[in-house]
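The values are calculated or read from the model by the stated rules, or taken from the named source; none is laboratory data. Keep in mind that what you see is a predicted model, and the values were worked out from it rather than measured. Counting neighbours? That spans all protein chains shown, and the Cβs are built from the backbone with ideal geometry, glycine included. The accessibility values were calculated without ligands, DNA or RNA, using every heavy atom of the protein model including side chains. Shrake-Rupley method; radii C 1.70, N 1.55, O 1.52, S 1.80 Å.
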Amino acid sequence: MAEIQLKNVSKRWGSFIGVDNFDLTIADREFLVLLGPSGCGKTTTMRMIAGLEEATGGEIIIGDQVVNDLEPKDRDIAMVFQSYGLYPNMNVYENIRFPLKVRKVDPATHDERVMRAADMVELREFLHRKPAELSGGQRQRVALARAIVREPNVFLMDEPLSNLDAKLRVSTRAQIKNLQHELKVTTIYVTHDQIEAMTLADRVVVMQRGVIQQVGSPTEIYDRPANTFVAAFIGSPAMNLMEGTLSGGVFTSDHVRIAGLTGPDGPITLGFRAEDAAVAHDSTDTEISAPVYTMELLGDATMITVKAGGALVSVKANKDYRIEIDETVGLHIPAEICHLFHHETGARLDG
Amino acid sequence: MAAAAQRKPVSLKVASLVFIVIWLMVAAFPFFWTLWGSFKVELDFFSIADWTNALTGDLTKETYGRPFTGAGYYGAWVQEEFWRAALNTFIVCFFVVVTSLTIGTLGGYALSRSGHNYVFWLLIAALIFRAMPPITLVSGYLPPFFQWNLWGYLPTAIIVLVAINQPFTLWMLHSFFQKIPKDLDESAKVDGCTQFQAFRFVIIPVMWPGVITTGLFSFLLAYNDFAVTAMLLNEQNRTMVPKIAAFLGTTYTEGNVMFAVAAVVSATVPLFLLVMVFQRQIVSGLTAGAVKG
Ligand SMILES: Nc1ncnc2c1ncn2[C@@H]1O[C@H](COP(=O)(O)OP(=O)(O)O)[C@@H](O)[C@H]1O
Ligand SMILES: [Mg+2]
């Protein structure tokens, strides 16, 4: 069981900055998800914790030990690689057993531990197959079993679900969540998929270009995005963001007029979520009035998109709602659902 | 039906069959001719009067009472002590293969896992040395070897053969190692291995076909070498190939040519056996990368 502290950790290759001043404390038994677009430094951060990549600055502390100069094997971590990294010449049983063998764990306990790990991920019937004879999902579970067999201090998982098909991803996701709950091991999980992040995490770290953008629970990140990047990255569809000016609490832009806001006068970025807004009943509650750009049927809702405030703005309506393209529609955007951001830095404006 | 669609026209089948037969004859005929002839006397095998004597063995029958004789083999192996050359070849091959594989696997692995760009130039330099004819290197070795009294001994030849062979071994193993994903090493390290244990327990087992293929090439180089062994070994320590050349070089006594023929056959047989035993590894080593899935 271990707390992990990252103190101003950074990674540079020449002048290129992969991870910049990463500063975070991960609580014991926490499920932390690193979330961000491809190339933002998630894997690099994880590899520095694992010891596969040397940090160019800062300190990494696992438990109460600075591990910067320790080999991966001495850090008591287990890692699930994106490509699984299974040993092709060993069967499933030997793959799972390998960490016990090289770490010279008492051989008498091997069989029991391998079996227990295999049972946890439902692999018992495949123990004698080689990795090449397994499906993607089964290989993924072997990698999981190999990670849990040793009961390490920390689990690291790098996009473990990205090679699975959509259905399997959902069930394996649930399995990972359950395993972590059962084993109570500090877990760091890397993904670019915000739904994975939202469903799994105790806390999410959103990253961009090697810099932490926001740290918080999934609800916090969804409800109070710290800047326009997080706002646009989290949620499906992403938050609507419009450019305009605020004066005396009234936001105006082309086709848009929202009153009752509190914020500094001047140019500003306003955001709201499609599911918070609605189609207006009459002209008194119409904040956006614009011709329909497109209408999409989602099954459980109808998505109406218009061009307003210099962007495409989407609103979710009732699933029975129908309207023609180019017909003018009124949308209700109450001030309570609006988020204000600095028009240049993108930072959130209300405290 | 799929099978019908895949069936080739008869003419194509016949053509390919004819081609294979012709090719087999061209490739295999000299060997079988030599094998057959090695059990005859020289006047039969190299008969000027009638080439069918080589098939029927008339003169062999006249001399020994039978159309076949092992005289060539007896002369080469016992009288001329070809067994000594065979033993020397075995020693040279064994140590060349073991040394160049040890250095090659360790070096190839290290180079394939190093991110530095001098690796490329190192490999290019290695290739240039390999491209030079061995004889140019050997003549450079001769003066110091005479001076230090190292000339003539087996270890000297072994070291030179390893030196000549190493670039190729390194290059070949390097490309095999590069095909093995780094994830494997890293998995192993996280699972508790040191870098060397990762190499030993995870990478090498996956690499076997590559190691065997490379080992076989090293073996063949040492086994077939003439330039180095002929120039660097004294008469006592000669390996098979220079010994055969020596048989041929003194044709003034009858039978020596037949000794050479018998020795050639003796030297070829182990190669056949070797390739047959390892053919599966060689093919998988030469074609696929070492890892699947
Ligand atoms: N060995 C390396 N040398 C130079 N740049 C690298 C190296 N490894 C990764 N990078 C760069 O660092 C950035 C972050 O990479 P990574 O952590 O793998 O991103 P991701 O968030 O997709 O996992 C990328 O822009 C990548 O190109
Ligand atoms: Mg990555």
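Which of the lysines could a cross-linker bridge to A:Lys307, judged by Cα under 29 Å and excluding same-chain residues fewer than eight apart?
Within reach: A:Lys316, A:Lys319.
Looking at the range B:1-79, which trypsin sites (Lys or Arg not before Pro) are DSSP coil and have at most 14 other C-beta atoms within 10 Å of their C-beta? Intermediate results must be reported in sequence, preceding the final value.
Numbers: sites: B:Arg7, B:Lys13, B:Lys40, B:Lys61; in loops: B:Arg7, B:Lys40.
Loop-located and lightly packed - B:Arg7.
Each residue of the range B:230-244 in order: what ³J(HN,Hα) in whole Hz does its phi give by Karplus 6.51 cos²θ - 1.76 cosθ + 1.60, θ = phi - 60°, with x for Gly and Pro?
Result, ordered by residue: 5, 8, 9, 10, 7, 4, 4, 9, 4, 8, 4, 4, x, 5, 4 Hz.
Could you derive backbone 3J(HN,Hα) for the range A:229-234 from the dihedral phi with the Karplus parameters 6.51, -1.76 and 1.60 (θ = phi - 60°), listing whole Hz in sequence and x where the residue is Gly or Pro?
4, 5, 4, 7, 8, 9
Relative to the longest principal axis of chain A, what angle (0 to 90°, nearest 10) does the C-alpha long axis of helix A:110-120 take?
Tilt of helix A:110-120: around 20 degrees.
Describe numerically, in nm with one decimal, the distance between label points set 7 Å from Cα along Cα→Cβ at B:Lys13 and at A:Ile61.
About 7.9 nm separates the two model spin labels.
Using R₀ = 60 Å, calculate the FRET efficiency as 1/(1 + (r/R₀)^6) where r is the Cβ-Cβ separation of A:Thr219 and B:Ala110; round to 0.05. Mind showing how you got there, number by number?
Details: r = 50 Å, r/R0 = 0.83.
Efficiency computed from Cβ-Cβ geometry: 0.75.
Rolling a 1.4 angstrom probe over the protein chains, ignoring ligands and nucleic acids, what is the accessible area of A:Trp13 in square angstrom, nearest 10?
A:Trp13 has an accessible surface of roughly 110 Å² with all protein chains in place.
What full-extension length gain, to one decimal in nm, is calculated for A:Ile323 and A:Asp282 as 0.36 nm per residue of separation minus the Cα-Cα distance?
Gain on stretching A:Ile323 to A:Asp282: 13.2 nm.
Just check the range B:62-169 against the gyration tensor rule for me: Cα atoms, a ≥ b ≥ c as the square roots of the eigenvalues, rounded for a/c under 1.5, and otherwise prolate or oblate depending on whether a/b exceeds b/c.
Here the range B:62-169 falls in the prolate category.
Apply 1/(1 + (r/R0)^6) to the Cβ-Cβ distance of B:Leu24 and A:Lys101, taking R0 = 60 Å, and write down the FRET efficiency to the nearest 0.05.
Rounded to the nearest 0.05, the efficiency is 0.75.
Can you give the FRET efficiency for A:Leu312 and B:Lys179, using 1/(1 + (r/R0)^6), R0 = 41 Å, r = Cβ-Cβ distance, to the nearest 0.05?
Details: r = 46 Å, r/R0 = 1.13.
Efficiency at R0 = 41 Å is approximately 0.30.
How much of the pair distance distribution for chain A lies past 36 Å, counting alpha-carbon pairs only, in percent? Numbers along the way, then the final one.
Details: 21556 of 61425 pairs.
When every Cα pair of chain A is considered, 35 percent fall beyond 36 Å.
Along the charge dipole of the protein assembly as shown, which of A:Ala277, B:Trp77, B:Val26 sits closest to the positive end, that is, farthest toward it, with unit charges on the beta carbon of Lys, Arg, Asp and Glu (+1, +1, -1, -1)?
Final value for the positive-end residue is B:Trp77.
Based on the Cα atoms of chain B, what semi-axes does the equivalent ellipsoid have, where each is the square root of 5 times one gyration tensor eigenvalue, given in whole Å with the largest first?
Computed over chain B, the values are 42, 31, 16 Å.
Using Cα pairs under 8 angstrom and six or more residues apart, how large is the relative contact order of the range A:31-90, in percent?
22
Which lysines does B:Lys182 reach when only Cα atoms under 17 Å apart count, and residues fewer than 8 places away in its own chain are ignored?
Those lysines meeting the cut-off are A:Lys73, B:Lys292.
Where does each of A:Asp320, A:Asp193 land when they are ordered by accessible area, with a 1.4 Å probe and the largest first?
The ordering from most to least exposed comes out as A:Asp320, A:Asp193.
Over the protein assembly as shown, what per residue volume does the convex hull of the Cα atoms give, in whole Å³? Write out the running numbers ahead of the final one.
Values: hull volume 176.6 nm³, N = 644.
It is 274 Å³ per residue.
Roughly how compact is the range B:88-238, stated as its Cα Rg over 2.2 N^0.38 Å to two decimals?
Ratio of Rg to 2.2 N^0.38 Å for the range B:88-238: 1.17.
Long-range amide H contacts for A:Glu287: which residues qualify at under 5 Å (H placed 1.01 Å from N, peptide plane, sequence gap of 5 or more or a different chain)?
Hits under the 5 Å cutoff: A:Leu331, A:His332, A:Ile333.
Express in Å², to the nearest 10, the accessible area of B:Ser218 obtained by rolling a 1.4 Å probe over the protein heavy atoms while all chains stay in place.
0
Along Cα→Cβ, 7 Å out, is where each label goes; now give me the distance between the ones at B:Phe31 and A:Thr345 in nm to one decimal.
Output for this residue pair reads 8.0 nm.
How about the range A:60-123: which trypsin sites (Lys or Arg not before Pro) there are in a DSSP loop, with at most 16 other Cβ atoms within 10 Å of their Cβ? Write down the numbers at each step before the final one.
Working: sites: A:Lys73, A:Arg75, A:Arg97, A:Lys101, A:Arg103, A:Lys104, A:Arg113, A:Arg116; in loops: A:Arg75, A:Arg103, A:Lys104.
Listed in order of number, the matching sites are A:Arg103, A:Lys104.
List the pair-distance distribution P(r) of the range A:257-297, using every Cα-Cα distance, as the percent of pairs falling in each 10 Å bin from 0 up to the bin containing the longest distance, rounded to whole percents.
Spelled out bin by bin, the range A:257-297 gives 17, 51, 27, 4 percent.
Return the long-range amide H neighbours of A:Met207 (sequence gap of 5 or more, or a different chain), with a cut-off of under 5 Å between placed amide H atoms.
Close amide H contacts, sequence-distant or interchain: A:Leu35, A:Gly36, A:Gln213.
Starting from the Cα of A:Asp74, step 7 Å toward the Cβ, then list every residue of the range A:145-162 with an amide N under 18 Å from that point.
A:153-154
For the range A:163-179, what does the Karplus curve 6.51 cos²θ - 1.76 cosθ + 1.60, with θ = phi - 60°, yield as ³J(HN,Hα) per residue in whole Hz, taken in order and with x for Gly and Pro?
Going residue by residue, I get 9, 9, 6, 4, 5, 5, 4, 5, 6, 5, 4, 4, 5, 5, 4, 5, 4 Hz, with x marking Gly and Pro.
Rounded to the nearest 10 Å², what accessible area does A:Thr328 have for a 1.4 Å probe in the complete protein model?
Its heavy atoms expose roughly 90 Å² to the probe.
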